[in-house]
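Chemist: Please see the structure below; I have some questions.
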Amino acid sequence: YSLMLFPALSCIAVGGILLLMTNMQVGNLFAAHRSTIITLYNGAFDSSSAVFLIIKVLYEQGVSLRASFFALSFCSIIHVARTFLLMPRTHIPYPLPRCYTYG
């Protein structure tokens, strides 16, 4: 529905950057490759234009928009659940203390 477009895009814009900032601290677990991990997270979150290009191509091949957006919603639910269930309650320190364990 067109009335839901503005609130939906506002939620996506606010929620996306918060998930990015929350998950960016995972790079602290890899001291030697910290910047690489953070760059990969940024690239994954900034690839939305490529994702919608893929959805457009799939739509032209006969996949319905409803099925495409349900698939995107499912992937987003998995990512949000992973963020809330698997990330530590406090931040991951940098540099890591010698006795720090994760998991």
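Chemist: Do the conditions hold for residue 66, that is, is it in contact (Cβ under 8 Å) with a residue 40 or more places away in the chain, open to solvent by 70 Å² or more (accessible area, probe 1.4 Å) and out of contact with any Pro (no Cβ under 8 Å at 6 or more places or on another chain)?
Modeler: So residue 66 fails the test.
Chemist: Yes or no: region 72-89 includes at least one residue that is outside any helix (DSSP H, G or I) and touching a residue at least 40 places away in the same chain (Cβ under 8 Å). Steps first, please.
Modeler: If we filter region 72-89 for residues that are outside any helix (DSSP H, G or I), which is where we start, we get 87-89.
Filter once more, keeping what is touching a residue at least 40 places away in the same chain (Cβ under 8 Å): 87.
Yes, region 72-89 has at least one match.
Chemist: Among the residues of region 44-65, which ones are more than 14 Å from the chain's Cα centre (by Cα) and either on the phi > 0 side of the Ramachandran plot or not in a helix (DSSP H, G or I) (or both)?
Modeler: 61, 62, 63, 64
Chemist: Given the structure, is residue 71 surrounded by 11 or more Cβ atoms within 10 Å (Cβ to Cβ) and either among the aromatic types (Phe, Trp, Tyr) or under 26 Å from residue 47 (Cα atoms) (or both)?
Modeler: yes
Chemist: Separate question: When only residues in region 42-57 that are free of Cβ contacts under 8 Å to residues at least 24 places away in the same chain and either among the basic types (Lys, Arg) or in contact with a helix residue (DSSP H, G or I) (Cβ under 6 Å, 6 or more places away or on another chain) (or both) count, which is most open to solvent (accessible area, probe 1.4 Å)?
Modeler: Top of the filtered list is 56.
Chemist: Name, by its number, the condition in (1) surrounded by 13 or more Cβ atoms within 10 Å (Cβ to Cβ); (2) closer than 23 Å to residue 101 by Cα that does not hold for residue 31.
Modeler: Only one criterion in (1) surrounded by 13 or more Cβ atoms within 10 Å (Cβ to Cβ); (2) closer than 23 Å to residue 101 by Cα is unmet by residue 31, namely (1).
Chemist: Okay, moving on. Quick one: residue 39 ticks every box in (1) touching a Phe, Trp or Tyr at 6+ places or on another chain (Cβ under 9 Å); (2) of a type outside the set (A, V, I, L, M, F, W, C); (3) open to solvent by 50 Å² or more (accessible area, probe 1.4 Å) except a single one, so which number is it?
Modeler: Here residue 39 meets the rest and fails (1).
Chemist: Does region 77-92 include one or more residues that are of a type in the set (Gly, Ala, Ser) and exposed (fewer than 12 other Cβ atoms within 10 Å of the Cβ)? Show your work before the answer.
Modeler: Start the filter on region 77-92 by keeping residues that are of a type in the set (Gly, Ala, Ser), which leaves 81.
Those left that are additionally exposed (fewer than 12 other Cβ atoms within 10 Å of the Cβ): 81.
Within region 77-92, one or more residues are of a type in the set (Gly, Ala, Ser) and exposed (fewer than 12 other Cβ atoms within 10 Å of the Cβ).
The values are calculated or read from the model by the stated rules, or taken from the named source; none is laboratory data. Everything quoted here is computed from the prediction, not taken from an experiment. Cβ sites come from the backbone with ideal geometry, for glycine too, and all protein chains shown count toward neighbours. What goes into the accessible areas is simple: the full protein's heavy atoms, side chains included, and nothing from ligands, DNA or RNA. Shrake-Rupley method; radii C 1.70, N 1.55, O 1.52, S 1.80 Å.
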